[in-house]
1. Identify the residue in the stretch 79-105 that is of a type in the set (Gly, Ala, Ser) and either over 19 Å from VAL20 (Cβ atoms) or open to solvent by 40 Å² or more (accessible area, probe 1.4 Å) (or both) and, among all such residues, is farthest from the ligand (Cβ to nearest atom).
2. Among the candidates VAL148, VAL118, VAL174, VAL140, single out the residue that is touching a residue at least 24 places away in the same chain (Cβ under 8 Å), hydrophobic (A, V, I, L, M, F, W, C) and in contact with an Asp or Glu (Cβ under 9 Å, 6 or more places away or on another chain).
3. Output the residue which, of all residues in the stretch 16-27 that are under 19 Å from the mean Cα position of the chain (by Cα) and not β-branched (Val, Ile, Thr), is farthest from the ligand (Cβ to nearest atom).
4. Scan the stretch 133-148 residue by residue and report those that are out of contact with any strand residue (DSSP E or B) (no Cβ under 8 Å at 6 or more places or on another chain) and away from the ligand (no atom under 11 Å from the Cβ).
5. Can you tell me which residues in the stretch 70-117 are in a loop (DSSP other than H, G, I, E, B), among the acidic types (Asp, Glu) and modelled with pLDDT of 95 or more?
6. Considering the stretch 36-58 alone, what residues qualify as being surrounded by fewer than 23 Cβ atoms within 10 Å (Cβ to Cβ), within 16 Å of the ligand (Cβ to nearest atom) and within 21 Å of LEU149 (Cβ to Cβ)?
7. Is it the case that the stretch 132-148 has a residue that's in contact with a Gly (Cβ under 8 Å, 6 or more places away or on another chain), of a type in the set (Gly, Ala, Ser), open to solvent by less than 70 Å² (accessible area, probe 1.4 Å) and farther than 25 Å from GLU63 by Cα?
8. If I filter the stretch 118-162 down to residues being in a loop (DSSP other than H, G, I, E, B) and over 16 Å from the mean Cα position of the chain (by Cα), which single residue comes out as farthest from SER55 (Cα to Cα)?
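The values are calculated or read from the model by the stated rules, or taken from the named source; none is laboratory data. Since the model is a prediction, treat every value here as computed from it, not as a measurement. With ideal geometry, Cβ positions are generated from the backbone for all residues, glycine too; neighbour counts draw on all protein chains shown. What goes into the accessible areas is simple: the full protein's heavy atoms, side chains included, and nothing from ligands, DNA or RNA. Shrake-Rupley method; radii C 1.70, N 1.55, O 1.52, S 1.80 Å.
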Amino acid sequence: MPEAHQRAFDRLGDRVLLEVPLQPGIRSTLVHTEYRLDPVAVFGRDAPLVVEIGSGSGDALVEGARRRPDWDFVAFEVWRPGIGHSMAKMGAEALPNVRIVEADAAVALGTALSPGSVQEVWTYFPDPWPKTKHRKRRIVDADLADTVLGLLAPGGTWRLATDWDDYAGAMRTVLDAHDGFTLVSTDRAPLRPVTRFERKGVATGRRITDLAYAPR
Ligand SMILES: C[S@@+](CC[C@H](N)C(=O)[O-])C[C@H]1O[C@@H](n2cnc3c(N)ncnc32)[C@H](O)[C@@H]1O
């Protein structure tokens, strides 16, 4: 990771990274199934909670947390350089309403958070896995949909964005067919900034799709 990001990681790691027990295994990124994340204990208050799946370099996370200091944000990201970059964006003091978990989001969401405890789940520009033979690696699928549905509070929202048309189509196929979700918007998500992935997608002529689903 670039030196400035490493410095931010070293300086802010204690404040921003949540220490979570992992399942055994060399280089495991799987949160231990016994672990429970208690947002009230972590943030010292009871506020609407946003969970980001794959926060990358932290553009949406940091911008969102700055614009909504009255909300709390927990991001799951497995790519440490992205975590360092996110911390570098926070400035010297970090952001009191942000924590990052260095672990697999799909697994952690299944066990670490309480049902009905999340106001918004964000999945922006998930890895597209464009080759047909790799599509089964895509993180948005029916299993993740079941997990997210269980986490969302009444009135909560799952916000997704992608610059790959066929991934957008696959998201719609899975979520439109899901008994528990209804599509509520295809407008740009209110707090979603323009990120590197969006710029790259647009520059190569791809269309950006935003989707927002709510529990029925
Ligand atoms: C294409 S990037 C997009 C990052 C960010 N959401 C954005 O819009 O700029 C996808 C990110 O998801 C992360 N990721 C992929 N699978 C993940 C998983 N199972 N758990 C947590 N993060 C994951 C990758 O490491 C990568 O940083």
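1. Quick first cut of the stretch 79-105, residues of a type in the set (Gly, Ala, Ser) only: 82, 84, 86, 88, 91-92, 94, 103, 105.
Now drop any that are not either over 19 Å from VAL20 (Cβ atoms) or open to solvent by 40 Å² or more (accessible area, probe 1.4 Å) (or both), which leaves 88, 91-92.
On the way: ALA88: 14, GLY91: 19, ALA92: 23 Å.
Applying the filter and picking the extreme gives ALA92.
2. Numbers: VAL148 fails: in contact with an Asp or Glu (Cβ under 9 Å, 6 or more places away or on another chain); VAL118 fails: in contact with an Asp or Glu (Cβ under 9 Å, 6 or more places away or on another chain); VAL140 fails: in contact with an Asp or Glu (Cβ under 9 Å, 6 or more places away or on another chain).
On inspection, the qualifying residue turns out to be VAL174.
3. Narrowing the stretch 16-27 to residues under 19 Å from the mean Cα position of the chain (by Cα): 16-20, 22.
Adding the requirement that they be not β-branched (Val, Ile, Thr) leaves 17-19, 22.
Values: LEU17: 14, LEU18: 14, GLU19: 17, LEU22: 13 Å.
Selected residue: GLU19.
4. Scanning the stretch 133-148 gives LYS133, HIS134, ARG135, LYS136, ASP141, ALA142, ASP143, ASP146, THR147.
5. The first filter runs over the stretch 70-117 and keeps only residues in a loop (DSSP other than H, G, I, E, B), leaving 70-71, 77-79, 91-97, 102-104, 112-117.
If we keep only those that are among the acidic types (Asp, Glu) too, we end up with 70, 77, 93, 102, 104.
ASP70, GLU77, GLU102, ASP104 - these are the residues of the stretch 70-117 that are in a loop (DSSP other than H, G, I, E, B), among the acidic types (Asp, Glu) and modelled with pLDDT of 95 or more.
6. Residues of the stretch 36-58 that are surrounded by fewer than 23 Cβ atoms within 10 Å (Cβ to Cβ), as a first pass: 36-48, 54, 57.
Add one more test, that the residue is within 16 Å of the ligand (Cβ to nearest atom), and what stays is 37, 54, 57.
LEU37, GLY54, listed by residue number.
7. Checked against the condition, which is being in contact with a Gly (Cβ under 8 Å, 6 or more places away or on another chain), of a type in the set (Gly, Ala, Ser), open to solvent by less than 70 Å² (accessible area, probe 1.4 Å) and farther than 25 Å from GLU63 by Cα, the stretch 132-148 yields at least one hit.
8. Step one: filter the stretch 118-162 for residues in a loop (DSSP other than H, G, I, E, B), giving 125-131, 138-141.
Still in the running and over 16 Å from the mean Cα position of the chain (by Cα): 129-131.
Details: TRP129: 17, PRO130: 20, LYS131: 23 Å.
Among those residues, the one meeting the criterion is LYS131.
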